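Note sheet for the following structure.
The values are calculated or read from the model by the stated rules, or taken from the named source; none is laboratory data. The structure displayed is predicted, hence computed values, not measured ones. We place every Cβ from the backbone using ideal geometry, glycine too, and count neighbours over all the protein chains shown.
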Amino acid sequence: MISDQLQKNSNISAGFVLYENDLLFRSRAFQPTLNTRRMVISGTLGDVKAQHVTLRFLPMNVSKKSLHDFACVFWDYSVNDWSTTGCSKANLSTGSLQCSCNHTTNFAVLMSFRMDHKYAESLSAISIVGCSLSILGLIITVIFQIITRKSRKSAPTVLLVNICVCLTIFYFLFLFGIDNPNRNLKTDSSVSEKNVILPSDLHQDPDRGPCTALTALMQYFLLATFTWNTLYAVHIFILIRKTLSGPPSGILLISLVTGWGLPAVVVAISLGVAYRVNNPLGYRREDFCWLESLNQDGKFDFGKPMFWGFLLPVAIMLLLNTAVLIHFGFATCKKDPLLNSTAHTSMRKRFLSSFSLGVLLGLTWVLGYLVLSTTGTTSYIFSILFCVCNTTQTEVHSMEIQKTKE
């Protein structure tokens, strides 16, 4: 709507052009990241200067997102970018986007949207019970290993204790920190009265801290668990290859540096590459506190930290552990006629030895990959198997140490 105090006998030539998109108006200040479209309307009154121009826009619908804010702008040819000079927002309570400007030129509305996050449901009973039993079993295993440490060599004890400590801390963090505490915080859904150019069409609240910290801690201790599992596999391999000479000197110090240092390096790289205070969702999810893995379309993205900061290094370690397990299985099944212990070992005991070692090396976590790669009922079945297998994981820790010693 255009209003101007003109004399009744004045002749006005008015012209309007509607651009379906803003491809001709490339902005440096406003950088859209969503697949949204901005219409631009151009108006001119010839030699007459307008005093009041009112424009009304309908907010667009964007899937799984709601309007956060908007800005009334015009294209300023002096800076070759959008500007808010002479424009303001009007009637914010009407539901439409209304702008008021004191001149005619190329007008547009820059809209910013926020994600409508659907927070994950609380942990199920089977997850809580399974994790609780695992924590109890891990604590008992650590106490048993410390009490009986004099009866075995130090290296296996240290390795196993570190595995149990890392996994115990991870389960505690998982139980009490997987739910995002931000889910209970109310966000302000009202549009700001200030008319300022928006940086992007996707709004992200600054990081509040706890969820990101919990994600980084869970990533660290779970990676540390797999790292110690792999170090234990290396120790088993050395024992098989060097039965008489034993492991080389200094391997315990190398294991300590690698077991605690390597996960820290991976987490530091993940935070440095993907995390920003104004965009924490580049590193973590919002629906629950864990690494981000999906793109804006909800599809798995290999460029997200979930893949290269967790799945990829864990897959490499699991492949190494699998190779050690296969080697251990062949070595166990071989019968040496000079050794009575191998000649009278039943196939059942050999299978249990290989199975317990496989559980100890974390190979049951392959089910976790199946949970991530499936949906619906299949994913639910794998989730139950994953919980059950990892609940019983701690029960074979002490048995495996004894088997290795024999």
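Among the residues making up the stretch 63-75, a single one is part of a strand (DSSP E or B), of a type in the set (Gly, Ala, Ser) and farther than 19 Å from Leu18 by Cα: Ser66. Evaluation of Ile254 against the conditions (1) more than 23 Å from Trp308 (Cα to Cα); (2) surrounded by 22 or more Cβ atoms within 10 Å (Cβ to Cβ); (3) of a type outside the set (S, T, N, Q) shows that the sole unmet condition is (2). Every test in (1) at pLDDT below 80; (2) out of contact with any Phe, Trp or Tyr (no Cβ under 9 Å at 6 or more places or on another chain); (3) surrounded by fewer than 16 Cβ atoms within 10 Å (Cβ to Cβ) is passed by Met115 save one, and that test is (3).
In summary, His203 fulfils each of the numbered conditions (1) surrounded by fewer than 21 Cβ atoms within 10 Å (Cβ to Cβ); (2) under 19 Å from Ile251 (Cβ atoms) with the single exception of condition (2). Within the option set Thr157, Thr141, being farther than 30 Å from Arg208 by Cα, touching a Cys at 6+ places or on another chain (Cβ under 6 Å), of a type in the set (Ser, Thr, Tyr) and at pLDDT below 85 holds for one residue only, Thr141. In the stretch 269-290 there is at least one residue matching the filter, namely being of a type in the set (Phe, Trp, Tyr), at pLDDT below 85 and assigned by TED's automatic domain parsing to the domain that holds Phe172. On the basis of being at pLDDT below 90, crowded, with 19+ Cβ neighbours inside 10 Å and assigned to a helix (DSSP H, G or I), does Cys211 make the cut? It is true that Cys211 is at pLDDT below 90, crowded, with 19+ Cβ neighbours inside 10 Å and assigned to a helix (DSSP H, G or I). Inclusion of Thr243 among residues that are more than 14 Å from Asn162 (Cβ to Cβ) and either part of a loop (DSSP other than H, G, I, E, B) or at pLDDT 85 or above (or both) is warranted. Here is a check on your reading of the model: is Leu319 hydrophobic (A, V, I, L, M, F, W, C) and surrounded by 16 or more Cβ atoms within 10 Å (Cβ to Cβ)? Criteria not met by Leu319.
All conditions in (1) of a type in the set (A, V, I, L, M, F, W, C); (2) touching a residue at least 60 places away in the same chain (Cβ under 8 Å); (3) touching a helix residue (DSSP H, G or I) at 6+ places or on another chain (Cβ under 8 Å); (4) closer than 15 Å to Leu214 by Cα hold for Ala264, with the sole exception of (2).
For the stretch 265-291, a tally of residues being closer than 18 Å to Pro313 by Cβ, among the charged types (D, E, K, R) and surrounded by fewer than 18 Cβ atoms within 10 Å (Cβ to Cβ) returns 0. If I ask for residues that are outside any strand (DSSP E or B) and under 21 Å from Leu58 (Cα atoms), which ones from the stretch 76-85 would you list? Within the stretch 76-85, just Thr84 meets the criteria.
Residues in the stretch 23-60 that are part of a loop (DSSP other than H, G, I, E, B), at pLDDT below 80 and small (Gly, Ala, Ser): Gly46, Ala50. Scanning for something among the β-branched types (Val, Ile, Thr), modelled with pLDDT under 65 and not in a helix (DSSP H, G or I), does the stretch 355-364 turn up at least one residue? No: the stretch 355-364 contains no residue that is among the β-branched types (Val, Ile, Thr), modelled with pLDDT under 65 and not in a helix (DSSP H, G or I).
Residues that are in contact with a strand residue (DSSP E or B) (Cβ under 6 Å, 6 or more places away or on another chain) and aromatic (Phe, Trp, Tyr) within the stretch 62-116 comprise Phe70, Phe74, Trp75, Trp82, Phe107, Phe113, listed in sequence order.
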